[in-house]
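In what follows, a single structure is set out as structure tokens and then discussed.
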Amino acid sequence: MKLILAILFGACSLTASSQIMQLYDPQANRVFNAEKYSGIRGTPFLVDKWYKGTVTTPKGIYMNLELKLNVYDNQLFFNKDDQSFEFTDPIVSFTLMPKPGDSASYQVFKKGINGSGVKADQFVQELVAGKLGLYKSDFKSLSEMSEINAGIVKTFATTTRYYLVRDNNAQLIKISKADVMPLLKDKEEQVNTFITEKKLAFKKEADLIALIQFYNQL
């Protein structure tokens, strides 16, 4: 019996250690080809600058990287020797740290949200986790406009969408009371009190985050 318990304990310890394994040298696949977007105004990236961050893959967690998300092609790049590379490993999630050490600034991105205007393999930002999840999808599209002396000019345009997710069902919403309140009916009285007390105007992302965080605590 003691032998069996020892074996089981060893297996559990091995499983636990594998879950927190940290990787430090990501494998590079293709280098980013900037020429692909030559002649297009704007940027295909969520933010042009490199952010510190971590990346979770089936192998473990890559730490202390410099990351940049290509929203247009839904690709994450890391900086190595001042060049942009893709990951060889499939990415489960990643975190951008605009202000390292300030967790309030961290941005967590995941896949798996499937709804109107978003695909399951697309990276989306997790704004609130819980029984009711709030996610943000920024994506880039190309717009064309004719300009004098320039002809047809292509420009990257950014569109932002928000999703509330309950039981793996994603609902596309706007930051408006009319869109959000029908999804909070089971706690309508408490939610309305909170809206009044906090003077939420449903005009800012921060208002929506505060409301969903409150709802998840009920």
Looking only at the stretch 170-188, and only at residues there that are closer than 28 Å to Leu46 by Cα and without any contact (Cβ under 8 Å) to a residue 40 or more places away in the chain, the one that is surrounded by the most Cβ atoms within 10 Å (Cβ to Cβ): Val180
Flag if Asp121 is modelled with pLDDT of 95 or more, loosely packed, with under 15 Cβ neighbours inside 10 Å and under 25 Å from Trp50 (Cα atoms): no
So Val165, is it among the β-branched types (Val, Ile, Thr) and not assigned by TED's automatic domain parsing to the domain that holds Pro44: no
Those residues of the stretch 153-169 which are exposed (fewer than 15 other Cβ atoms within 10 Å of the Cβ), in a strand (DSSP E or B) and not basic (Lys, Arg), in sequence order: Val153, Thr155, Ala157, Thr158, Thr159, Thr160, Asn169
All positions within the stretch 116-152 that are in a loop (DSSP other than H, G, I, E, B) and under 21 Å from Leu211 (Cβ atoms): Ala129, Gly130, Lys131, Leu132
Conditions (1) part of a loop (DSSP other than H, G, I, E, B); (2) under 24 Å from Leu65 (Cα atoms); (3) within 12 Å of the chain's Cα centre (by Cα); number of the one not met by Ile113: (2)
Residue that is farthest from Thr155 (Cα to Cα) [pool: residues in the stretch 64-85 that are surrounded by fewer than 19 Cβ atoms within 10 Å (Cβ to Cβ) and more than 17 Å from the chain's Cα centre (by Cα)]: Asn64
Which listed residue is modelled with pLDDT under 95 and of a type outside the set (Lys, Arg), from Met1, Met97: Met1
Condition met for Thr15 (at pLDDT 85 or above and of a type in the set (S, T, N, Q)): no
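The values are calculated or read from the model by the stated rules, or taken from the named source; none is laboratory data. All values derive from a computational prediction rather than experimental measurement. Cβ atoms come from the backbone with ideal geometry, glycine included; neighbour counts cover every protein chain shown.
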